[in-house]
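First the structure, in the form of structure tokens, and then the observations on it.
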Amino acid sequence: MKRLVCAALALAFPALQASAAEDAQSLYQSGKFGQAIAAAVALNTAPGFALAAHASLADAMMRSPCLPCLQRAEEFARKAVAADPKLAEGHLYLAVSLGYQARIVGVVRARLGGYPEEARRNLDAALAADPANAQALAASGGWNIEIVRGGGALLARWLYGASVGTGLDEFAAAFRAAPGNVVLRYQYALSLGGFDLRAYRNDVEDALTRAVTGTPSTAYDAFAQSRARELLAALKRNDDAGFARLLKRDQGYP
């Protein structure tokens, strides 16, 4: 009898774990980030820790710049990577958390701390594990454009091998992988708007228009869409100063 009970539990465990994972994902999609984090961590798996990192990042982006929030996301992402080094999402969310932290701590501290290099290594690992991952492609595209914005084209290529051309190509690949994704278009607009609004104004407006007219699939998508709507309104009324203020807010700068 004892063996039968143990066998039944062994058979039931994967189904129970799958159900718990679905519950955690559902909580994330509905914007209940605190509950999603708790449910995801309770799974004690690499995907669970990655989901906890994702929820922590979404929660952080919907607040004022919050370094402890981002550090919490980093902690969950590192646990995901440790549990499964081949899980793309663990590396992706680790890179993203470092990128947002860099904006809060400043360029000098970020470079001394090796944030750009570690983010690049993790983006490479994410894309090696899942080359068609739209979020990883967009994050890598944003990394390239941000590095050039911060150090100039020559220094960016020399120190990090980064270029705007590579960034644009990676965003294009992300759009092919997920053409209807609202957040990717929003992120593209933030990257190009922060880099050179004058040169890329039409591209920024197109990206924001696509974000505003798209269909959000999660609570965070809806939040990003509302932010895109504000940016687009400022752009259309030629309020460049207002656009710049909104852009800085949305990029996570203090």
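Each value in this text was obtained by applying a stated rule to the coordinates, not by laboratory testing. Worth saying up front: this structure is predicted, and the values here are computed from it rather than measured. Ideal geometry is used to build each Cβ from the backbone, glycine not excepted, and the neighbour counts take in all protein chains shown.
Data overview
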quantity: Out of Thr215, Thr209, Thr166, sole residue that is β-branched (Val, Ile, Thr), part of a helix (DSSP H, G or I), farther than 30 Å from Glu118 by Cα and without any contact (Cβ under 8 Å) to a residue 40 or more places away in the chain; calculated: Thr209
quantity: Failed condition for Asp206, given (1) buried (at least 16 other Cβ atoms within 10 Å of the Cβ); (2) touching a Lys or Arg at 6+ places or on another chain (Cβ under 9 Å); calculated: (1)
quantity: Filtered residues of the stretch 47-83 (kept if over 22 Å from Ala222 (Cα atoms) and either touching a residue at least 60 places away in the same chain (Cβ under 8 Å) or in contact with a Pro (Cβ under 8 Å, 6 or more places away or on another chain) (or both)); calculated: Ala80
quantity: Residue within the stretch 194-211 that is within 28 Å of Lys32 (Cβ to Cβ) and not aliphatic (A, V, I, L, M) present; calculated: yes
quantity: Qualifying residue in the stretch 183-201 (condition: in a loop (DSSP other than H, G, I, E, B) and either farther than 23 Å from Asn133 by Cα or under 21 Å from the mean Cα position of the chain (by Cα) (or both)); calculated: no
quantity: The lone exception for Ala53 - which of (1) more than 17 Å from the chain's Cα centre (by Cα); (2) crowded, with 16+ Cβ neighbours inside 10 Å it fails; calculated: (1)
